Amino acid sequence: GENVEQHPSTLSVQEGDSAVIKCTYSDSASNYFPWYKQELGKGPQLIIDIRSNVGEKKDQRIAVTLNKTAKHFSLHITETQPEDSAVYFCAAREYGGSQGNLIFGKGTKLSVKP
Amino acid sequence: NAGVTQTPKFRILKIGQSMTLQCTQDMNHNYMYWYRQDPGMGLKLIYYSVGAGITDKGEVPNGYNVSRSTTEDFPLRLELAAPSQTSVYFCASNTPGTGGAYGYTFGSGTRLTVV
């Protein structure tokens, strides 16, 4: 089955700097890669996603890149703000099997210092 | 539009007690999921359902049971609570492929402590 590794587990940046979180996946057939943001005491919320037929996707200050050959994808946050502080999870959709569940990484706790 | 609603938000159980975590969604999603989240361990799939009357085990199903009698509701049952079930539980839903969206909508979670 699919396995997703996420790094780093914690990341601290100064306000205005960029933050990058990286994930690798094991199943080359996986075709969908979402990123979730979880604020304290809340459920994860989808912030951006990418499909396997696209190399990069941007939405304002956040972007996701995908390298299918290397089986890794990354979340990039530019001009970080204190409200970006949260735990971020990457995931990969299993291909085939019963119905393609999402397999999650272990999360990255991002702290943005003002 | 409420999305995915979970109750209760917090609960303390004694070892051996039972309880049901409630989950309901109003988006007419076919698929629903239960995850548990332990510190530093990410989200682990407990059970999922692809429609009313259909459920299947995820990665960590032992100690739990589910049912899906309606599209809207997907309760999670703990029969004999154990300290290892202390965790935060999240319910999620989606309808894969709709508009190309595979992403899940999560509830706000139930924090369960077993003592």
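Side notes on the structure shown:
- Other residues whose C-beta falls under 12 angstrom from the C-beta of B:Pro61 contribute a net charge of +2, scoring Lys and Arg +1 and Asp and Glu -1.
- In order along the stretch A:29-36, the phi-based Karplus estimate (6.51 cos²θ - 1.76 cosθ + 1.60, θ = phi - 60°) of 3J(HN,Hα) comes to 7, 4, 10, 8, 9, x, 10, 10 Hz; Gly and Pro are listed as x.
- Per the Debye formula on identical point scatterers at the alpha carbon atoms of the protein assembly as shown, with no solvent, log10 I(q)/I(0) at q = 0.08, 0.10, 0.13, 0.17 Å⁻¹ is -0.29, -0.45, -0.77, -1.25.
- Dividing the Cα radius of gyration of chain A by its Kirkwood radius returns 0.97 for Rg/Rh.
- Using the empirical formula 2.2 N^0.38 Å as the baseline, the Cα radius of gyration of chain B reaches a ratio of 1.01.
- Applying both filters, DSSP loop and at most 13 other Cβ atoms within 10 Å, to the chymotrypsin sites (Phe, Trp or Tyr not before Pro) of the stretch B:8-115 eliminates every site.
- Excluding exposed DSSP-loop GluC sites (Glu not before Pro) (at most 16 other C-beta within 10 Å), longest clean stretch of chain A: A:40-78
- Karplus 3J(HN,Hα) series, Hz, for the stretch B:27-37 with 6.51 cos²θ - 1.76 cosθ + 1.60 (x for Gly, Pro): 9, 6, 6, 6, 9, 9, 9, 10, 10, 10, 10
- Distribution of pairwise C-alpha distances over the stretch A:28-75, 10 Å bins, in %: 26, 49, 22, 4
- Loop-located GluC sites (Glu not before Pro) in the stretch B:1-100 (DSSP state not H, G, I, E or B) with no more than 14 neighbouring Cβ atoms inside 10 Å: B:Glu59, B:Glu79.
- Distance between the C-alpha centres of the stretch B:10-75 and the stretch A:17-67: 25 Å, rounded to the whole angstrom.
- Exercise: per-residue mean of other protein chain Cβ atoms within 10 Å, A:41-48: 6
- Lysines whose Cα lies under 28 Å from that of A:Lys22, excluding same-chain neighbours fewer than 8 positions away: A:Lys37, A:Lys42, A:Lys57, A:Lys58, A:Lys68, A:Lys71, A:Lys106, A:Lys109, A:Lys113, B:Lys44
Bear in mind that the values in this text are calculations on the coordinates, not laboratory data. Just so you know, these numbers come straight off a predicted model, no measurement behind them. Here Cβ is always computed from backbone atoms with ideal geometry, including for glycine, and neighbour counts include all displayed protein chains.
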